[in-house]
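Okay, so here's the structure we're looking at.
None of the figures in this text is laboratory data; all of them are computed from the coordinates on show. Everything numeric in this text was worked out from a predicted model, so none of it was measured. Because the Cβ atoms are built from the backbone with ideal geometry, glycine has one as well, and the counts that use them run over all protein chains shown.
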Amino acid sequence: MSLIDHWEKQIESIGVNERKYISSQVNTIGVGVVRDFCNDALLYEARQIWRKVEPLVVRRDVTIKHEVTSKRIMGTASALQIDNMTREIFELYTLDVFVQFMAEITGTDICLLNDNLERYVFNFLSHKGDMHGLHVDSFSYSCSLVIYAPSTNSGGVLQVAKNYTCFDKDKVASIIAEPGDLIVLSSSKFPHRVSPLKQNSQRVVLNMAFTTEATKNHLSYSRESLYS
């Protein structure tokens, strides 16, 4: 079976009750997780694609100002770079059953991004101190497949809150992800970050962005700094 076949099969295997629970989490705390979404075969296929793209990753160390000041120390690969190596991620991203799943979870008429840099990207933390600083996204929702994750207590934890001040008060939802987890995030409404790595490790996610009809042709504020 191909990556697309595995992906479609796994999406269809998510039951009604689990979908309702994930949807409620996304709309109340900003994030929902499908634990162990990937079976061994799908995770293997995803890692093979990552290995093709990894040599193209660009290390970034930038500070971005948008609502708050956000530090990004990380590696990135844009959709354009991914497409130059494989068309499988494009096929996965545009798969009808996947788009329908995202529409069901978010309760929104989901649209795909037209931006050929940022509609799907690989984000890669690997060195002690690497981080994906506090921010909100330009696009409504994201869906991230965790391909590699740091060990427990090694940092690299996704943290989500209702507003920025919650981070000062330590009122955040911390998602300790495992390889194969699928994370759906209400990314334009709920501030979020990935905490710094405490030691050299690997956190690799395939992040796919979804939006609405009104913003499907927009370009994000971080596009040039992270993915150009």
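Taking amide H as placed 1.01 Å from N in the peptide plane, the amide H of Glu118 sits under 5 Å from that of Ala79, each at least 5 places away or on another chain. Put simply, when 136-148, 21-33 are sorted by average Cβ atoms within 10 angstrom per residue, most first, you get 136-148, 21-33.
Using every Cα-Cα pair within the chain, state what percent have a distance larger than 33 Å. Each step should come with its number before you reach the end.
Values: 1965 of 25878 pairs.
When every Cα pair of the chain is considered, 8 percent fall beyond 33 Å.
Basic side chains Lys and Arg get +1 at the Cβ, acidic Asp and Glu get -1 at the Cβ, and with that the dipole of the chain about its Cα centre reaches some 900 debye. Using a Gaussian network model of the chain in which every pair of alpha carbons under 10 angstrom is joined by a spring, one finds that among Met131, Met74, Met85 the greatest mean-square fluctuation is at Met85. Computed from backbone phi with θ = phi - 60° and the Karplus coefficients 6.51, -1.76 and 1.60, the 3J(HN,Hα) list for the stretch 211-224 is 8, 10, 4, 5, 10, 5, 9, 6, 10, 7, 5, 9, 4, 5 Hz; x is used for glycine and proline.
Just name one of Cys143, Val172, Trp50: the one whose Cα is farthest towards the positive end of the charge dipole of the chain (beta-carbon charges, Lys/Arg +1, Asp/Glu -1). Selected residue: Val172. 3J(HN,Hα) couplings calculated from phi for the stretch 166-178 with the Karplus curve 6.51 cos²θ - 1.76 cosθ + 1.60 (θ = phi - 60°) are, in sequence order, 4, 5, 5, 9, 6, 9, 10, 8, 9, 9, 8, 8, 10 Hz; Gly and Pro show x.
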